[in-house]
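This structure is in structure tokens; I'll ask about it shortly.
The values are calculated or read from the model by the stated rules, or taken from the named source; none is laboratory data. Note that the structure is a prediction, hence the values are computed from the model and not measured. Cβ: placed from backbone, ideal geometry, glycine included. Neighbour counts: every protein chain shown. In case anyone asks, the SASA skips ligands and DNA or RNA and just uses the protein heavy atoms, side chains included. Shrake-Rupley method; radii C 1.70, N 1.55, O 1.52, S 1.80 Å.
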Amino acid sequence: VVQDQFLEMRLVERYGFSGKWWQYSGGCTLIRYMTETDMRTMCLRVNGYEFLANAAGPESGELVLLLHGFPQFANVWAPTMPAIAQAGYRVVAVDQRGYSPAARPSEVEQYVATELCADVLGFAEVLGAKEFHLVGHDWGGLRAWQVAAEHPAWIRSLTVLATPHHNAFFEAIE
């Protein structure tokens, strides 16, 4: 019980859902909340892990996947998500590997770029998208650059905030 209360407290802090109605559904520690908007929390099972995610917009809309930076969580996108959803897109922001409570492997090897990239493609796949719009900020921006470079067939558009392309960055500091 204390662990569940702690998780609920962390989600209130992290996602700013204070004062909302909560329901614990077990399993992947999925917390649902009822609000006036259609913003909802979901669990994505990808690559053997369970990732918490915020979602809004019609499920039939084109997917816009949002990747947060360090040391942020998916909730950093909460102010942005309603506008994207109102434009008719299905927008999903995921707590990435190392941030989601059930996606924190202890082995450093589980955080290599190829694994993190596979998570992003896995998010799109479990959400039913064969291609998607990708938006990344900071650390999520670095990941977005990599996904777009290595898997261009999946990407409809790429938007990166506050993160230069890694080749340009390394060239500038040399």
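Across segment 147-154, in residue order, what do the Karplus-derived ³J(HN,Hα) couplings come to in whole Hz, using 6.51 cos²θ - 1.76 cosθ + 1.60 with θ = phi - 60° and x for Gly and Pro?
Values per residue, Gly and Pro as x: 4, 5, 5, 8, 9, x, 5, 7 Hz.
Using per-residue counts of other Cβ atoms within 10 Å, averaged over each peptide, order 135-143, 153-161 from highest down.
My ranking of the peptides, most packed first, is 135-143, 153-161.
Using the heavy atoms of the protein chains alone and a 1.4 angstrom probe, what is the accessible area of segment 50-137 per residue in square angstrom?
Working: 3590 Å² over 88 residues.
Spelled out: the 1.4 Å probe surface of segment 50-137, per residue, equals 41 Å².
Once label points are set 7 Å from the Cα along Cα→Cβ at both SER157 and ARG104, what is their separation, rounded to one decimal in nm?
So the label points at SER157 and ARG104 sit 3.6 nm apart.
Which value in nm describes the separation of the simple spin-label points at TYR111 and VAL126, placed 7 Å from the Cα toward the beta carbon?
Roughly 2.1 nm, to one decimal.
Express the carbon and sulfur contribution to the solvent-accessible surface of segment 84-174 as a percent, rounded to the nearest whole number, probe 1.4 angstrom. Present the calculation step by step, with values, prior to reporting the outcome.
Details: 2630 of 4710 Å².
Carbon-and-sulfur percentage of accessible area, whole number: 56.
I want to make sure I understand the PRE zone here: with the label point 7 angstrom from the Cα of ASP38 toward its beta carbon, which residues in segment 81-97 have backbone N atoms less than 13 Å away?
82-92
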